[in-house]
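Here the structure is laid out as structure tokens; the discussion comes afterwards.
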Amino acid sequence: MAKPAPAEEEAAALRRRLRRSLAAVAAGGAVADVYDEAAAALEALREAELGTGGRKRGGGGEGRRPAAEEGEEKDAVPVPPQFLCPISSRIMSDPVIVASGQTYDRRSIEEWFSEGNQLCPQTQQALLDTTLIPNHLVRSMILQWCTENRFDLPPVENQEETNVTNSDQKTFDEIFKKITSSPKSTEIRQAVKDLRLITKQNSDFRAVLGERPDSISRMIFSRSNPGLQNDPQVLEDMVTVILNFSLHDSNKKVIGDDPEAIPFLIWALKSGDMGSRGNSAAAIFTLSALDSNKEKIGELGAMGPLIDLLDNSNIIAKKDAASAIFNLCLLHENKSRATKNGIVDVAMRAMDDQLLVDGSLAILALLSSNHEVVEMITEFNGAACMLCAIRESECSRSKENAVVVLFAICMFNRMKLKEVEADEKINGSLALLAQSGTSRARRKAVGILEKMKRNMHNRHMSC
């Protein structure tokens, strides 16, 4: 293995020094010398990584613009803050969620944990479980932003080089022997519960599925036991086992290729209790990171039950459903399926009720390139709804999604353009967004404002 360059070694050492200082502060060491040490470490790290010229040394693997644009950096679009890792302040190439619900770049949070820290860096919450869950939704949003702004995002490092131990294989086989061979429903029920627990707590254990690819089908078939067929807890446990296994990236294809897995999740999504339905949506969201799975999930009829869950469930299940719908609609064929199953109606009502406004806007913006969808949004007083979101939302991404939808409405409907023009004279929301929004939001806001000017000019000419 090549030895790291001295500059890289120096930067790594300084990062460790800074993390130790931050950990001391978090532990209550709020004394002057601790803060001074943290400040000195941060300044030294900046010196090491940026150098005197104010640019990063070398290629370093960090996200950056193409070299041809080096001269344009003064005018470069800033990375949205929600795409930056709270630890490194760099754009996240592999965002993951920790137990506190916060999102970090995998490399940064793994280094944080490797130093012995057990607190969430942002919330200071004690993390008894250090499992990292890939945040595929944020990853897809970052990739979309990078594509629009010609920003080079470093590839995700392979995190799935997990060596399956003999102990894990033995435990797996023992549990599955009980699940598939025991005649007693009570023993099967307990074995499934044990499997749910171990796949939650031991991320390395999940890799065993790659060597036992038929295990999901075997587990599902065990429900044919008369004592288990109508047991809602067994159904929830089995769904959650699939969810836990799906968190291991290499298992996504294994589960997607299993002929029973996705149909079983969709059946649970339709027929289970709220726990089973919510976890089914979460599993579908995780599996839909693969385009091949997006296609299968859509073809097998998941969209209708997901939209129903978004419409009628608790807030946690609604979030899982919205995330799954958004991810599935990244595949063109699934957009029409979502539309036919009433996503516009449900998303607009969710916004009216102030529930999942951000998720609903993201879905509507994704679908707004379709004329039929825009007409449906317009029928739900969509122009006024989007203007309200632009004015009131505190999330820059939601403002962007709202103006994307509003732009589509104005392009398709001249009467609504007049409505937007009247609102703009009172509130000036688009003019403000054209100055302070994301790059995409600014483009859309300017596009609407220019169309309004042309319409005003044409009216004056005709008078």
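Accessible area per residue for segment 371-463, computed on protein heavy atoms with a 1.4 Å probe, is 53 Å².
Backbone amide hydrogens, once placed in the peptide plane, bring Leu355 within less than 5 Å of nothing, excluding anything fewer than 5 places away on its chain. Computed 3J(HN,Hα) for segment 300-317, one whole-Hz value per residue from the Karplus formula 6.51 cos²θ - 1.76 cosθ + 1.60 where θ = phi - 60°, is 7, x, 7, 4, x, x, 5, 5, 4, 5, 4, 7, 9, 6, 7, 5, 5, 5, glycine and proline marked x. Taking only protein heavy atoms and a 1.4 Å probe, the accessible area of segment 335-446 is 50% carbon and sulfur. Of the residues Val446, Val420, ranked by 1.4 Å probe accessible area with the largest first, the sequence reads Val446, Val420. Computed over protein heavy atoms with a 1.4 angstrom probe, the accessible surface ordering of Ser323, Ser271, Ser288, largest first, is Ser271, Ser323, Ser288. In this structure the amide hydrogen of Asp152, modeled in the peptide plane, comes within under 5 Å of the amide hydrogens of Arg64, Arg65, none closer than 5 places in sequence on its chain.
When the surface is traced with a 1.4 Å probe over the full set of protein chains, Glu110 keeps roughly 70 Å² accessible. Among the listed pairs Lys335/Lys444; Lys318/Lys418; Lys318/Lys444; Lys319/Lys451, those with a Cα-Cα distance over 26 Å are Lys318/Lys418; Lys318/Lys444; Lys319/Lys451. Across the protein chains, with a 1.4 Å probe defining accessible surface, the residues His371, His136 rank His371, His136 from largest area downward.
Here, segment 393-463 is characterised by an Rg to Rh ratio of 0.99, where Rg is the alpha-carbon radius of gyration and Rh the Kirkwood radius. In the assembled protein chains, Trp112 presents an accessible area of approximately 20 Å² (probe radius 1.4 Å).
The values are calculated or read from the model by the stated rules, or taken from the named source; none is laboratory data. All figures in this text were calculated on a predicted structure; none of them were measured in a lab. Just so you know, the surface numbers come from the protein's heavy atoms only, side chains and all, with ligands and any DNA or RNA stripped out. Shrake-Rupley method; radii C 1.70, N 1.55, O 1.52, S 1.80 Å.
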